[in-house]
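Working notes for the structure below.
Readers should treat all values here as calculations from the given coordinates under stated rules, not as data from a laboratory. Computed from a predicted model, the values in this text were never measured in an experiment. Virtual Cβ from ideal backbone geometry, glycine too; neighbours counted across all protein chains shown.
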Amino acid sequence: MLGILLHGLAGLLYALLALHFWHTRWNLRGPAENLSPPAPGGMLAWERAAMLVPFALHSWILYADLISPEEMRFGFGQALSVMLWMGVLLYWVESLFFNLDGMQPLVLPLAALAAPLPALFPGIATSAHVAAFEFRLHLILGMLAYSVFTIAMLHAVLMAIVERRLHRVHQQAGRGASRPLSGPLSSLPPLLTLERLLFRLIAAAFILLTLTLASGMLFSETLFGRAFRFDHKTLFAILSWFTFAVLLAGRTLRGWRDRTALRWTLSGFALLMLAYVGSRFVIEVVLGRG
């Protein structure tokens with residue numbers, strides 16, 4: 001019972017912060033002067049500290065659920081919770097170096113939804129293999145890859161919003177004229193800077209995904225005596241890897257950007273979600289085999 005309450009509390013704290021950032025960043029009717037003077041990354045010092053409160057609680061819950069027990073249970077709920085935990089951490093660290101004000105309402109609501117999931121869907125016990133080095137390596141690499149891809153996806157969505165807003169502003173201002181963006185979008189780095197950051201994230205996540213697939217082969221060899229168990233999870237993981245490989249090659253060789261990069265990013269992320277989270281959701285929730 002206590003575990004359920006703690007999971008719910010972490011989600012509630014994330015949700016309250018998301019609501020605060022929505023009203024102060026995305027609700028443009030709110031006075032912009034309330035945000036002055038901003039801290040690095042566009043956040044006030046108390047806002048940056050406040051984000052660490054649900055994050056610390058979330059960290060403790062994940063440790064208690066996944067690291068400390070002898071019988072570790074892992075499923076789509078734990079996967080999403082770890083992904084968004086890492087997503088919040090990456091955003092918090094990233095915002096120390098880049099002004100990403102306005103991205104909080106994209107990250108925090110997802111964390112609010114993901115934090116309680118392990119209590120609602122406890123997953124499947126993995127006690128027989130939890131001590132295996134290959135399993136832990138594969139799990140860590142996979143969650144890191146998922147998490148970095150999650151932040152990259154949110155970056156892509158934010159870029160699409162900025163691009164659409166710029167197009168609308170230019171249309172309203174008339175041909176040849178331009179006006180600065182208002183609200184939180186006005187403090188973001190230029191689109192080209194956001195684009196470079198997006199592809200750095202995708203490249204890092206692609207390396208992690210490659211290592212995840214390689215460690216998965218090693219883990220499969222240890223358990224089943226063969227390098228590949230070709231199932232739907234393997235198929236979607238390989239398709240996702242191929243999608244991001246094409247995207248990075250297109251970026252390098254053809255200079256892909258804007259909507260082309262967004263479509264490939266979202267497609268690759270969707271395939272990656274289907275590879276594990278989607279399949280575990282079907283098994284645990286739809287088929288009830290958790």
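Assorted remarks:
- Extended-chain gain in nm, criterion 0.36 nm per residue less alpha-carbon gap, Ala45 and Trp26: 4.9 nm
- Put in line by how crowded their Cβ is, counting other Cβ atoms within 10 Å and starting with the fewest, Leu137, Leu66 read Leu137, Leu66.
- Counting neighbouring Cβ atoms within 10 Å and putting the fewest first, the residues Arg200, Arg48 line up as Arg200, Arg48.
- With both labels modelled 7 Å from their Cα along Cα-to-Cβ, the Thr260 to Thr210 distance reads 2.2 nm.
- Modelled FRET efficiency - R0 22 Å, Ile4 with Leu113, Cβ distances, 0.05 increments: 0.90
- Modelled spin-label separation between Phe97 and His232, with each label point placed 7 Å from Cα along the Cα-to-Cβ direction: 3.9 nm.
- Formal net charge of residues neighbouring Gly255 (Cβ-Cβ distance under 13 Å; K, R +1; D, E -1): +2
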